[in-house]
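What follows is a short report on a single structure.
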Amino acid sequence: MKNITRNIARIAVAGCLSLAVVGGALAQELPKTHLRIVGSLSNLGPYKDFEVPFWTKRIPEQSKGAVTAEIRGFDQMGMKGPEVLRLLGQGVMEFAGVPMYYLAADDPAIEMIDIAGLLPDAETARKVTQATRPYYEKLLREKFKVELIGIGAFPAQVLYCNGEIKGLADIKGKKVRVGGRSQSELVAALGGTPVTMAFGEVVPALQNKTVDCGITGSMSGNLAKWHEVTTHLLALPLGWAQIAYAVNAKTWNGMDPKLRDFLDKEMLSLEGALWASAASVTEMGYLCNAGKAECRGGTPGKLVIVQPSKADHELLRKVEAEAMLPKWAARCNDACVGEYNATVSKVVGLAARK
């Protein structure tokens, strides 16, 4: 596989070229502005490889110094994730990025973008994200008083285990660390016991056998050293953990229109880079966790990479139709279910009914 660093660089350059004319023209008229950004999880790739250079380098460069920014991950500020959009709406912060699965407790409609196990690849995940974006723009504006300005994604969320597994059915009887309600319901539907814990607590829990398995990004787990305390990884996407980038509505509406237009256009480059990397970084995560010579950007491990079988895909489809979608629809109102059927269902081919 080509060097991931070069891939990211090409993506960034392409984004710069496509928006350079617009950015240069706007930069002459932009007001001097300093932005304070709360980023996503600070120890993972989307934050380190994309958000930090975007806000601290690209934005100042494209604005010719008119707009500067500083950024810290929400975890560096003592937050756990679910509270980020509420605090953003209250004006405690100006801009923030947070994985959307953290927000499911606030509204079941937020799960619709990434119901665990429903999106088999990055292309499908992005199609669903684009189809549902207008709905989420309205929902976040009305419910949280924030403006949604972008949606990115982590690499595929996959299953790491500290013992042998041969396929998805082997979740049965195991304690599995999950991120959010949707993953919790998927594990339960497969006969496992979902366990919720902070990301930073997972390595010792896997090491001490407090949990048997955990779900996270293929590269995220590698960067967080999950490969040191597990033996097997099932290369079957169970989610994509889309990242919502939003700004306090009062702050946004109070900005110079030229600045809003500039940031809207620039966010397209951040989104594009994150989505372009989602599939390639997923594959690189597999290579690194397996200790392949092609590993770039991660640490070579010694995991057994279990390739999903036809039976795994069939089991996942069955669980989605018979358990995941009915359970989700039961707690979402009619309008929410109708929105799913008008958007997500048309991409994945599975309808939801109450």
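Of note:
- Answer label, with Rg/Rh (Cα atoms, Kirkwood Rh) calculated from the coordinates and candidates (i) 1.11; (ii) 0.97; (iii) 1.26: (ii)
- Sorted on the mean count of surrounding Cβ atoms within 10 Å across their residues, most packed first, peptides 79-92, 208-221 read 208-221, 79-92.
- Mean Cβ count within 10 Å, highest first, over the residues of peptides 250-261, 139-150: 139-150, 250-261
- Cβ crowding within 10 Å averaged over residues, with 321-331, 305-315 ranked highest first: 321-331, 305-315
- G179 sits among other residues whose Cβ lies under 14 Å from its own Cβ, and their net charge, with Lys and Arg +1 and Asp and Glu -1, is -2.
- Local net charge near V306, Cβ-Cβ under 12 Å (Lys/Arg +1, Asp/Glu -1): -2
- Rounded, prolate or oblate (a/c below 1.5 giving rounded, otherwise prolate when a/b exceeds b/c) for the range 253-321 by Cα gyration tensor: oblate
- The lysines within cross-link reach of K175, meaning a Cα-to-Cα straight distance under 26 Å and a gap of 8 or more places when in the same chain, are K80, K166, K209, K225, K302, K310, K318, K327.
- Span from the the range 211-259 Cα centroid across to the the range 108-156 one, whole angstrom: 13
- Helix 310-319 axis, angle to the chain major axis (alpha carbon atoms, nearest 10°): 70
Read-outs throughout are calculated quantities, based only on the coordinates presented, and are distinct from any laboratory measurement. Since we're looking at a predicted model, the values are computed, not measured. Because the Cβ atoms are built from the backbone with ideal geometry, glycine has one as well, and the counts that use them run over all protein chains shown.
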